[in-house]
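Asks: What follows is a structure written as structure tokens; I'll ask about it next.
The values are calculated or read from the model by the stated rules, or taken from the named source; none is laboratory data. Predicted model only: the values in this text are computed from it and were never measured. Backbone-built Cβ (ideal geometry, glycine too); neighbour counts: all protein chains shown. These accessible areas exclude ligands, DNA and RNA; they are computed on the full protein's heavy atoms, side chains included. Shrake-Rupley method; radii C 1.70, N 1.55, O 1.52, S 1.80 Å.
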Amino acid sequence: MARYLQGLGGESVLLGPPDSLRTEADESLFADWIEVPERGSSAEDAARLVALCRKYDTPYAVMDDYRGDPEYQQILRNAGLRWLQQFDASKPWEFQPDLLVNASPYERREQYLPWLKDPAQTRTLFGPQYAVLRPAFAGLTARADGRPVQRILAAFGGGDDRGAIATTIEALAGRLGPDVTLVIVSGAGNPRREAVAAKVAALPAGQVEFHVNPPDMIQLMRDCDLAVIGGGTMSYEAAICGLPIVFMGLAPNQERPCQGWQDLTEARYLGQVGTVTVSELYETVANLVSDDTARTEMAAKGRQLVDGQGTRRLVEALLEREREDA
């Protein structure tokens with residue numbers, strides 16, 4: 001979003017994350033990066049944001065923090081800020097931002113109405129069309145749907161995969177024919193990374209590829225033909241790449257998104273990691289590998305839901321300068 005704003009001639013300030021996360025690219029992206037080592041009370045944290053907005057003479061803020069309770073929000077409202085808030089219904093408290101965002105395919109405005117302080121004041125932007133993806137995803141050229149499955153992506157975010165990769169290796173490695181390769185992606189911070197590497201090293205050559213923080217994740221995903229993933233941001237990336245998806249949730253908050261993808265695209269949601277058996281995962285993937293029609297329909301429905309324009313839609317809604325979609 002900061003990059004899109006920059007293209008409009010604006011500038012952004014980042015408040016909260018530790019300075020250790022700042023990259024070289026961030027130097028030109030953010031006018032300032034303000035670390036908050038310790039959270040204070042809701043009143044203190046809200047006052048900090050209000051003061052920062054006044055310093056930079058802006059009424060606009062983007063919140064991606066689930067701790068903005070009703071007291072916090074009321075302070076922002078009293079200060080006259082216009083803010084976009086990423087949220088979900090896991091905490092049924094009072095919401096009052098100008099824009100309430102949740103890209104999950106499961107969310108509906110009616111679910112939130114009991115919690116909106118003033119429904120006429122808060123616009124809800126729900127669904128995968130509001131997913132914020134890297135710009136390169138918007139320019140992807142679609143591959144043919146229903147193509148033979150030769151490469152299966154298995155990725156579960158940058159942190160702890162909670163045993164999902166081990167289950168996937170046991171279920172799929174070398175079991176779907178000599179022409180099928182399992183492409184595993186792990187973050188460097190995954191505490192199970194070394195154990196996964198040892199499992200892969202013990203397998204016959206060609207069965208599995210193992211990538212840690214690959215430099216071109218977009219191309220890697222695009223070169224695959226099916227995905228076994230969790231219910232996080234990668235679900236939107238897989239959808240825009242035209243990948244049929246099998247889901248294993250990593251946490252309870254992924255239950256609703258995974259169920260939503262299943263309802264809207266017929267993706268396969270098997271349940272939470274730890275409850276999904278090796279045989280269940282194998283049978284589900286093997287059936288999809290042999291069902292060209294199911295994969296074709298799943299891929300087409302996923303691409304219809306995610307077009308890579310979510311960032312533009314959110315920024316222009318925040319700035320009240322929307323243009324009509326083509």
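Asks: Checking Y56 against (1) under 30 Å from E237 (Cα atoms); (2) open to solvent by 60 Å² or more (accessible area, probe 1.4 Å); (3) among the aromatic types (F, W, Y), only one condition comes out false. Which one?
Replies: Tallying (1) under 30 Å from E237 (Cα atoms); (2) open to solvent by 60 Å² or more (accessible area, probe 1.4 Å); (3) among the aromatic types (F, W, Y), Y56 fails exactly one: (1).
Asks: Further question: Within the stretch 59-88, how many residues turn out to be open to solvent by 20 Å² or more (accessible area, probe 1.4 Å) and of a type in the set (G, A, S)?
Replies: Summing the residues that are open to solvent by 20 Å² or more (accessible area, probe 1.4 Å) and of a type in the set (G, A, S) in the stretch 59-88 gives 2.
Asks: Then there is this: Check G242 against each of (1) at positive phi; (2) open to solvent by 10 Å² or more (accessible area, probe 1.4 Å) and name the one condition it does not meet.
Replies: The number of the failed condition is (2).
Asks: Another question, if that's okay. Which condition number in (1) open to solvent by less than 10 Å² (accessible area, probe 1.4 Å); (2) out of contact with any Lys or Arg (no Cβ under 7 Å at 6 or more places or on another chain); (3) assigned to a loop (DSSP other than H, G, I, E, B) is the one that A171 fails?
Replies: (3)
Asks: Moving on. Answer yes or no as to whether G230 is open to solvent by less than 60 Å² (accessible area, probe 1.4 Å) and closer than 29 Å to T293 by Cβ.
Replies: yes
Asks: Given the residues Y282, Y269, which is the only one that is crowded, with 22+ Cβ neighbours inside 10 Å, over 27 Å from A136 (Cα atoms) and not aliphatic (A, V, I, L, M)?
Replies: Checking each option against the conditions leaves just Y269.
Asks: Here's something else I'd like to know. Looking at R48, R39, which is the one that is of a type in the set (K, R), open to solvent by 80 Å² or more (accessible area, probe 1.4 Å), without any contact (Cβ under 8 Å) to a residue 40 or more places away in the chain and not in a loop (DSSP other than H, G, I, E, B)?
Replies: R48
Asks: I would also like to ask the following. Exactly one of these conditions fails for P97: (1) open to solvent by 20 Å² or more (accessible area, probe 1.4 Å); (2) part of a loop (DSSP other than H, G, I, E, B); (3) within 19 Å of V315 (Cα to Cα). Give me its number.
Replies: Against the list (1) open to solvent by 20 Å² or more (accessible area, probe 1.4 Å); (2) part of a loop (DSSP other than H, G, I, E, B); (3) within 19 Å of V315 (Cα to Cα), P97 comes up short only on (1).
Asks: If I ask for residues that are within 19 Å of L220 (Cα to Cα) and of a type in the set (V, I, T), which ones from the stretch 155-195 would you list?
Replies: Correct list: I165, T168, I169, V180, T181, V183, I184, V185.
Asks: Can you tell which of R147, R162, R123 is open to solvent by 50 Å² or more (accessible area, probe 1.4 Å) and in contact with an Asp or Glu (Cβ under 9 Å, 6 or more places away or on another chain)?
Replies: Selected residue: R123, the only one of R147, R162, R123 that is open to solvent by 50 Å² or more (accessible area, probe 1.4 Å) and in contact with an Asp or Glu (Cβ under 9 Å, 6 or more places away or on another chain).
Asks: From the list L176, L182, pick out the single residue that is closer than 30 Å to V278 by Cα, assigned to a loop (DSSP other than H, G, I, E, B) and open to solvent by less than 50 Å² (accessible area, probe 1.4 Å).
Replies: L176
Asks: In the stretch 221-250, what residues are among the acidic types (D, E) and either in a helix (DSSP H, G or I) or within 16 Å of H211 (Cβ to Cβ) (or both)?
Replies: D223, E237
Let's see how each residue does on (1) modelled with pLDDT of 95 or more; (2) assigned to a strand (DSSP E or B); (3) of a type outside the set (A, V, I, L, M):
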site	(1), (2), (3)
R77	yes, no, yes
W83	yes, yes, yes
P92	no, no, yes
Y106	no, no, yes
P114	no, no, yes
L133	no, no, no
A136	no, no, no
T141	no, no, yes
A144	no, no, no
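Asks: Across the stretch 251-269, what is the number of residues that are modelled with pLDDT of 95 or more, out of contact with any Ser or Thr (no Cβ under 6 Å at 6 or more places or on another chain) and not in a helix (DSSP H, G or I)?
Replies: Qualifying residue count for the region: 3.
Asks: Applying the selection to the stretch 1-42, what residues are hydroxyl-bearing (S, T, Y) and farther than 17 Å from R321 by Cβ?
Replies: Scanning the stretch 1-42 gives S20, T23, S28, S41, S42.
Asks: Looking only at residues in the stretch 190-210 that are in a helix (DSSP H, G or I) and in contact with a strand residue (DSSP E or B) (Cβ under 7 Å, 6 or more places away or on another chain), which one is farthest from R162 (Cα to Cα)?
Replies: Here the residue is V200.
Asks: Now for a different question. Looking only at the stretch 204-217, filter to residues that are open to solvent by less than 50 Å² (accessible area, probe 1.4 Å) and either free of Cβ contacts under 8 Å to residues at least 24 places away in the same chain or aliphatic (A, V, I, L, M) (or both); which one of those is nearest to Q150 (Cα to Cα)?
Replies: Restricting to residues being open to solvent by less than 50 Å² (accessible area, probe 1.4 Å) and either free of Cβ contacts under 8 Å to residues at least 24 places away in the same chain or aliphatic (A, V, I, L, M) (or both), the top hit is V208.
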